[in-house]
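Take a look at the structure below.
Derivation of every value follows stated rules applied to the coordinates shown; laboratory data play no part. A quick note: this is a predicted structure, and the numbers were derived from the prediction, not measured. Cβ atoms come from the backbone with ideal geometry, glycine included; neighbour counts cover every protein chain shown.
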Ligand code: GDP
């Protein structure tokens, strides 16, 4: 039995959404920036605490986000060196409290150029927005698995509490790509 969970990855163009997803699934990173023009769906399988989950990870183009309403969880990415990308996240963090939202500050390797101290962002996001907060570097694969693990942990705990019907049990397995978290 496998549970399916859809995760939408949202953020301004260039913040590293595709890089985070590709690092997580393929252990791959490219310095070359290829803007995502249309939505792309990745379907990795992961194991968390002995349970297998099929993820549907949606890479949402920053300049064409459209409506992404039906995800089980959201990752809102910004670049810790780019205040505009934080404003983008701020204006989109309006999900209902039932859906887990994780705000991710990417490009941690460039942290000398950050526009706001980590502690200040973390307090704002966690205490005021009531979202999770993780910083990562897609370039160096730092905290990338951790952020998916954190989000999945919250989503699964919440779904169990609410007996969420959209996280459904399925019979089929996709074993080609599987990350043990
Ligand atoms: P997207 O438009 O949000 O999907 O952004 P991309 O994943 O395409 O990345 C945009 C640019 O930022 C690319 O040139 C990446 O190489 C670069 N990039 C992504 N993540 C990082 C990171 O963690 N550190 C650094 N230094 N560059 C990154």
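Going by how many other Cβ atoms sit within 10 Å of their own, how do 34, 4 line up, fewest first? All intermediate terms of the calculation are to be shown ahead of the outcome.
Values: 34 7, 4 17.
Ordered from fewest to most neighbouring Cβ atoms within 10 Å, 34, 4 come out as 34, 4.
So how do 74, 88 line up by other beta-carbon neighbours within 10 Å, fewest first? Show your work: numbers first, answer last.
Numbers: 74 24, 88 21.
Listed from fewest to most nearby Cβ atoms, that is 88, 74.
Between residue 68 and residue 98, what is the spin-label point distance in nm, taking each point 7 Å from the Cα along the Cα→C-beta axis?
2.0
Go ahead and set up a Gaussian network model of the chain, Cα springs under 10 Å, then flag whichever of 70, 49, 141 fluctuates most.
Of the options given, 49 has the highest mean-square fluctuation.
Roughly what angle does helix 144-162 make with the longest principal axis of the chain, taking Cα atoms, 0 to 90 degrees, to the nearest 10?
The answer is roughly 50 degrees.
Mean 1/r over all different Cα pairs, inverted: what Kirkwood radius does the chain give, in Å?
16.5
Sorting check: for 23-29, 143-149, which peptide has the highest mean count of neighbouring beta carbons within 10 Å, and how do the rest follow?
On the way: 23-29: 16.0, 143-149: 20.0.
Per-residue mean Cβ counts within 10 Å order the peptides as 143-149, 23-29.
In whole angstrom, how far apart do the alpha carbon centroids of the stretch 74-132 and the stretch 3-28 sit?
Their Cα centres are 15 Å away from one another.
Answer rounded, prolate or oblate for the stretch 113-154, using the Cα gyration tensor with square roots of eigenvalues a ≥ b ≥ c: rounded when a/c is under 1.5, else prolate when a/b is larger than b/c, else oblate.
Details: a/c = 3.89, a/b = 1.13, b/c = 3.44.
It is oblate, given that a/c is not under 1.5 and a/b is not larger than b/c.
Starting from the Cα gyration tensor of the stretch 76-122, take the square roots of the eigenvalues, sort them a ≥ b ≥ c, and report rounded, prolate or oblate (rounded when a/c is under 1.5, otherwise prolate if a/b is larger than b/c, else oblate). Let's see the in-between values first.
Details: a/c = 2.41, a/b = 2.01, b/c = 1.20.
It comes out prolate by the Cα gyration axes.
State the extension gain, in nm to one decimal, for the chain segment bounded by residue 27 and residue 161, taking 0.36 nm per residue of separation less the distance between their alpha-carbons.
Numbers: separation 134, 0.36 × 134 = 48.24 nm, distance 3.31 nm.
Stretched fully, the residue 27-residue 161 segment lengthens by 44.9 nm.
Rounded to the nearest 0.05, what FRET efficiency is calculated for residue 37 and residue 141 with R0 set to 25 Å and r the Cβ-Cβ distance?
Values: r = 25 Å, r/R0 = 1.02.
The value I calculate is 0.50.
Per DSSP H run of n ≥ 4, the term is -39500 (n - 2.57); total these for the chain, divide by its residue number, and report the mean residue ellipticity at 222 nm rounded to 500 deg cm²/dmol. Mind dumping the intermediate values first?
Values: 4 runs with 43 residues, N = 181.
Calculated mean residue ellipticity at 222 nm is -7000 deg cm²/dmol.
Give me 79, 59 ranked fewest to most by other Cβ atoms within 10 Å of their Cβ, as a rough exposure proxy.
On the way: 79 23, 59 18.
Ordered from fewest to most neighbouring Cβ atoms within 10 Å, 79, 59 come out as 59, 79.
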